[in-house]
């Protein structure tokens, strides 16, 4: 029996992370429930009150990561939080690795949208933009979904072929930046592109993209850099206002 999609109320206060690998033992994120709890405690200390769980959707690597399973796993983690008296809101989602045949797979297994919205988080790791990329993006648009490209600052094709990203923006794709690259820990190009995308107002949101407890402090460092260099209003837009707008204004 499938688990019904339950969408909890959006917390009135606090930050919301739209990109996280909290769910245990299903991708390269948290390895067990205790790591999940550790991550959530760190997030709460930084003012977060909720996260969208976005495990990798890569069928040849993680074949069990389907929309239905993710909904069930999120519900299991919610129960664990209740049992431990931890107040933190979780929603299901997914991070879809774009491949040419992904529309066929999603048609069969369902599209894991963010928190029941029409928004779909996706990534891609090719060094050059494949010819089929705009076609797959158009498939999402034609189905009524809002594509969100995760961490373009980390993608080599964005470094070397910026016109390809501009084409996606013209099609209506949103961009989600990660907090880690602006620290410089992932190299010069991601750092510089993060700043350029912020300054050119290309990011719709920024997120943690945390994988394990030890990955979080550096991401908090990135948040502090955004706060120091660009101001609290912009940081709140990325982590407070825009996530709520995504969840509340784009329901399917």
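Within 10 Å of each residue's Cβ, count the other Cβ atoms and sort 246, 165 from fewest upward.
With the fewest neighbours first, 246, 165 line up as 165, 246.
Where both residues lie in the range 16-249, what percent of DSSP beta bridges are antiparallel, nearest 5?
In the range 16-249, approximately 0 percent of DSSP beta bridges are antiparallel ones.
Between rounded, prolate and oblate, where does the range 16-249 land on the alpha carbon gyration tensor, with a ≥ b ≥ c its root eigenvalues, rounded for a/c under 1.5, else prolate if a/b exceeds b/c?
Numbers: a/c = 1.63, a/b = 1.10, b/c = 1.47.
Since a/c reaches 1.5 but b/c is at least a/b, the shape of the range 16-249 is classed as oblate.
For n ≥ 4 DSSP H runs only, could you compute -39500 (n - 2.57) per run for the chain, divide by its residues and tell me the 222 nm figure to the nearest 500? Each step should come with its number before you reach the end.
Details: 10 runs with 103 residues, N = 252.
That comes out to -12000 deg cm²/dmol.
Would you work out if the range 139-252 is rounded, prolate or oblate? Take a ≥ b ≥ c from the square roots of the eigenvalues of the alpha-carbon gyration tensor; rounded if a/c is under 1.5, else prolate when a/b is larger than b/c, oblate otherwise.
Here the range 139-252 falls in the oblate category.
Comparing 200, 65, 97, which has the greatest mean-square fluctuation in the GNM of the chain with Cα pairs linked when under 10 Å apart?
Checking each option, the largest mean-square fluctuation is seen for 200.
How many nm is it between the label spots at residue 138 and residue 31, if each spot is 7 Å from the Cα in line with the beta carbon?
Result for the modelled spin labels: 4.6 nm.
Values in this text are rule-based calculations from the coordinates and carry no lab data. Note that the structure is a prediction, hence the values are computed from the model and not measured. Don't worry about glycine lacking a Cβ; one is built from the backbone with ideal geometry, like all the others, and counts go over all protein chains shown.
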